[in-house]
Amino acid sequence: MMRADGMKRMFKRGIGLGLLLMVLLPGFGRAQKVRVSFLTGGCITFAYGSEQDYVLGENDFPVTPAHSSFHLGSALGVPLSEKLLLELDGRFIFSSPVTLEDPSDEDTVRIDTSNHLMVGVNLIYRVSGSRFRPYILVGAGFDKVFAEDMTATSEYGFDIIFEAPSGGESLDPLINIGAGGMFALSQRLALRMDARYALIADKTNKPSSLSFSLGFATWF
């Protein structure tokens with residue numbers, strides 16, 4: 001099985017290759033136009049963790065329940081051909097409140113999840129159309145968690161300490177797939193919408209999420 005640091009090196013090389021292609025492609029900025037998008041929307045993170053991971057005094061709240069938040073993002077796309085586009089994408093997902101439960105005694109504690117940033121390179125296949133042009137995408141990148149140590153008081157009155165991951169432990173590779181569409185408003189402006197499923201290759205939990213976005217795109 002590939003070690004976590006090996007996976008991270010592989011994903012970094014993949015993103016680096018994607019960025020290099022964006023710069024070196026013969027069509028960059030010439031025959032076809034570069035696309036810039038700005039998006040916002042909602043994100044549903046599915047429950048992750050297992051009660052089997054419970055360790056008294058170390059991992060008293062092993063399961064994070066499903067929760068929703070919103071995100072802001074932008075993307076820079078470079079055409080490879082009439083139907084293919086390579087896109088560098090970044091999305092900042094804001095924190096949201098969750099209630100954790102201790103499976104040993106049903107004690108609960110309420111905390112806010114951490115903000116995190118998803119950055120990746122996606123390959124987009126655009127279906128031909130007139131004003132509306134659907135697309136599908138697949139890509140990979142990294143998820144960076146902005147966590148801090150925190151202390152919260154549980155329902156039973158205990159002070160629970162949550163320690164933030166240190167160094168590289170807060171940076172994990174991710175993969176995503178999705179579909180969406182562009183509706184042209186003018187020659188240089190379009191309404192953009194999409195839905196994406198993302199899986200984060202965390203060392204233990206491997207959280208996944210489903211996001212829905214709406215925004216606009218322009219060309220130059």
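The values are calculated or read from the model by the stated rules, or taken from the named source; none is laboratory data. All of these numbers come straight from a predicted model, not from anything done at the bench. Don't worry about glycine lacking a Cβ; one is built from the backbone with ideal geometry, like all the others, and counts go over all protein chains shown.
Of the residues making up the stretch 173-216, those that are touching a residue at least 24 places away in the same chain (Cβ under 8 Å), outside any loop (DSSP other than H, G, I, E, B) and over 15 Å from residue 118 (Cα atoms) number 14. For the stretch 91-107, a residue qualifies if it is surrounded by 15 or more Cβ atoms within 10 Å (Cβ to Cβ) and not hydroxyl-bearing (Ser, Thr, Tyr), and the qualifying residues are 91, 92, 93, 98, 100, 101, 102, 103, 107. Looking for something within 18 Å of the chain's Cα centre (by Cα) and over 26 Å from residue 77 (Cβ atoms) - is there at least one such residue anywhere in the stretch 189-203? Within the stretch 189-203 (the criterion being within 18 Å of the chain's Cα centre (by Cα) and over 26 Å from residue 77 (Cβ atoms)), the answer is yes, since at least one residue qualifies.
Scanning for something outside any strand (DSSP E or B), under 18 Å from the mean Cα position of the chain (by Cα) and not hydrophobic (A, V, I, L, M, F, W, C), does the stretch 129-145 turn up at least one residue? Lay out the reasoning, then the answer.
In the first step, residues of the stretch 129-145 are kept if they are outside any strand (DSSP E or B); the result is 129-131.
If we keep only those that are under 18 Å from the mean Cα position of the chain (by Cα) too, we end up with none.
No, because not a single residue in the stretch 129-145 is outside any strand (DSSP E or B), under 18 Å from the mean Cα position of the chain (by Cα) and not hydrophobic (A, V, I, L, M, F, W, C).
In the stretch 198-212, of all residues being at pLDDT 95 or above and touching a Ser or Thr at 6+ places or on another chain (Cβ under 7 Å), the one that is surrounded by the fewest Cβ atoms within 10 Å (Cβ to Cβ) corresponds to 199.
Of everything listed in (1) under 18 Å from residue 47 (Cβ atoms); (2) among the aliphatic types (A, V, I, L, M); (3) over 24 Å from the mean Cα position of the chain (by Cα), the single unmet condition for residue 160 is (1). Within the stretch 145-165, restricting attention to residues that are of a type outside the set (A, V, I, L, M) and either buried (at least 16 other Cβ atoms within 10 Å of the Cβ) or touching a residue at least 40 places away in the same chain (Cβ under 8 Å) (or both), the residue that is farthest from residue 109 (Cα to Cα) is 162. Taking residues in the stretch 109-128 that are more than 30 Å from residue 158 (Cβ to Cβ), and partners anywhere that are of a type in the set (Val, Ile, Thr) and buried (at least 17 other Cβ atoms within 10 Å of the Cβ), the pairs with Cβ atoms closer than 6 Å and at least 6 places apart or on different chains are 121/15. Within the stretch 105-125, does at least one residue satisfy the condition of being modelled with pLDDT under 90 and assigned to a loop (DSSP other than H, G, I, E, B)? Scanning the stretch 105-125 turns up no residue that is modelled with pLDDT under 90 and assigned to a loop (DSSP other than H, G, I, E, B).
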